1. Rounded, prolate or oblate: pick one for the chain, where a ≥ b ≥ c are the square roots of the eigenvalues of its C-alpha gyration tensor, a/c under 1.5 means rounded, and failing that, prolate if a/b is larger than b/c, else oblate.
2. Nearest 0.05, what FRET efficiency do residue 186 and residue 164 give at R0 = 25 Å with Cβ-Cβ as r?
3. Tell me, what HN-Hα J-couplings in whole Hz come from the Karplus equation 6.51 cos²θ - 1.76 cosθ + 1.60 at θ = phi - 60° for each residue of the range 68-84, using x for Gly and Pro?
4. Could you sort 296-307, 261-272 so that the peptide with the highest average Cβ count within 10 Å comes first and the rest follow in order?
5. At a Förster distance of 56 Å, what's the computed FRET efficiency of residue 311 paired with residue 77, Cβ-Cβ distance as r, to 0.05?
6. What residues have an amide H closer than 5 Å to that of residue 189, excluding those fewer than 5 places away on the same chain, when H is modeled at 1.01 Å from N in the peptide plane?
7. Rounded to whole Hz and in sequence order, give me ³J(HN,Hα) for the range 168-175 from the Karplus expression 6.51 cos²θ - 1.76 cosθ + 1.60, θ = phi - 60°, writing x for Gly and Pro.
8. Would you kindly derive the ³J(HN,Hα) couplings of the range 281-287 from the backbone phi angles with the Karplus curve 6.51 cos²θ - 1.76 cosθ + 1.60 (θ = phi - 60°), listing them in order in whole Hz, with x for Gly and Pro?
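No value in this document is a laboratory result; all are computed from the given coordinates. What you see is a predicted model, and the numbers here were worked out from it, not measured in a lab. Here Cβ is always computed from backbone atoms with ideal geometry, including for glycine, and neighbour counts include all displayed protein chains.
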Amino acid sequence: MSYKGCVTIPAYNASATIGEVVKGVQAHIPKVIVADDGSTDNTGIVAYEAGSEVIRIEKNKGKGNALKVLFWRAFEEGYDAVITMDADGQHDPQDIQRFIDAHALHPDSIIVGSRMHEKEKIPRARYNSMHIARFYISLAANQFVEDTQCGFRLYPVSLLKKMLLMTEKYVTETEVLMKAGDMGVRIRFVKIRAIYNGIGSHFRPIADVTHITAYVISYLYIKWFIEGFTSDAPNTYSGGRYLRDLVNKNRTCDVFFQGFTALTALPVTVFFLLEYLFLRRVIGNNFASVRRLNCGFAKITHATHMLPVILIVAITEKFFTTQCFRLELVDKFIRKFYPFLWSKGETENHST
């Protein structure tokens, strides 16, 4: 099966790296589209001179908006699939062939690059946040997603057309994974190199992690509410008719809803646990996505209630680090309270 697709790159103030990235990509795929997201340097000029098509976004609106602009261009130009990469040189173009080979075997699946096998190359705090993120995002996606934060991905265009992407900035990549999985789409992964080249990222550890976390909580809030009162319904997402999307359409309502769900997450998981335990007598196989894990809802409830504890431990650990005492308590807490819930066979089926 030939690859009829392109590589898309959202870029903001990446003039130092974008040229080499484009040239590296073109050794494998000739068509490269760069979204210059309101850069104040020569990112667009450098990308164009390197041989890419450039879409100029006049005002910086963040990665999510740039990705949506790129997806629309892929729709317009009639591509079957689109590979997304970052502009900062942290994705190796040599890995592109892995995505193309996986797409040939699984043309309807999302293919995600995974760096988790190179733990020693990933900054420790980043790895820990990735571990917790994949625990909850995998629950929302009804399947194990090994690396939920990697931007090196391949998307079937036909799938993107079925989604209503409502979020912005770094939340959009999480939104795609959760909605796709919640539609019943397989998310597979290929191993890629973990490259941390010292070039600063535009990802804001506190602000962006907070936004991603709030969206994941609000999504699971609705997903599990629906699953609690329905039988054999693990896939709850249904395009623009989905309740979470309807809330998202009004900015004020969305901000209020995310705040409300974040503040009430701990007691609500207890409510979901009670639903899980007692409503099954009336509604057969409610919480179908959780029941097929054979782990019970108590582990999820326990993990959620440990989130504030993890935060306190992380702050304490950072304080001791400033006093030249190195503690690694967060790692131990994560291993204990965010266990691997998915079968080994399912994980192997998702690897290509």
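1. Verdict is prolate for the chain.
2. 0.75
3. Each residue of the range 68-84 in turn: 5, 4, 5, 4, 5, 5, 5, 4, 4, 8, x, 7, 8, 8, 9, 9, 10 Hz.
4. Ranked from most to least packed, the peptides come out as 296-307, 261-272.
5. After rounding, the FRET efficiency stands at 0.80.
6. 112, 351, 352
7. Running phi through 6.51 cos²θ - 1.76 cosθ + 1.60 with θ = phi - 60° gives 10, 6, 7, 6, 4, 5, 5, 4 Hz.
8. 5, 9, 10, x, 6, 5, 6
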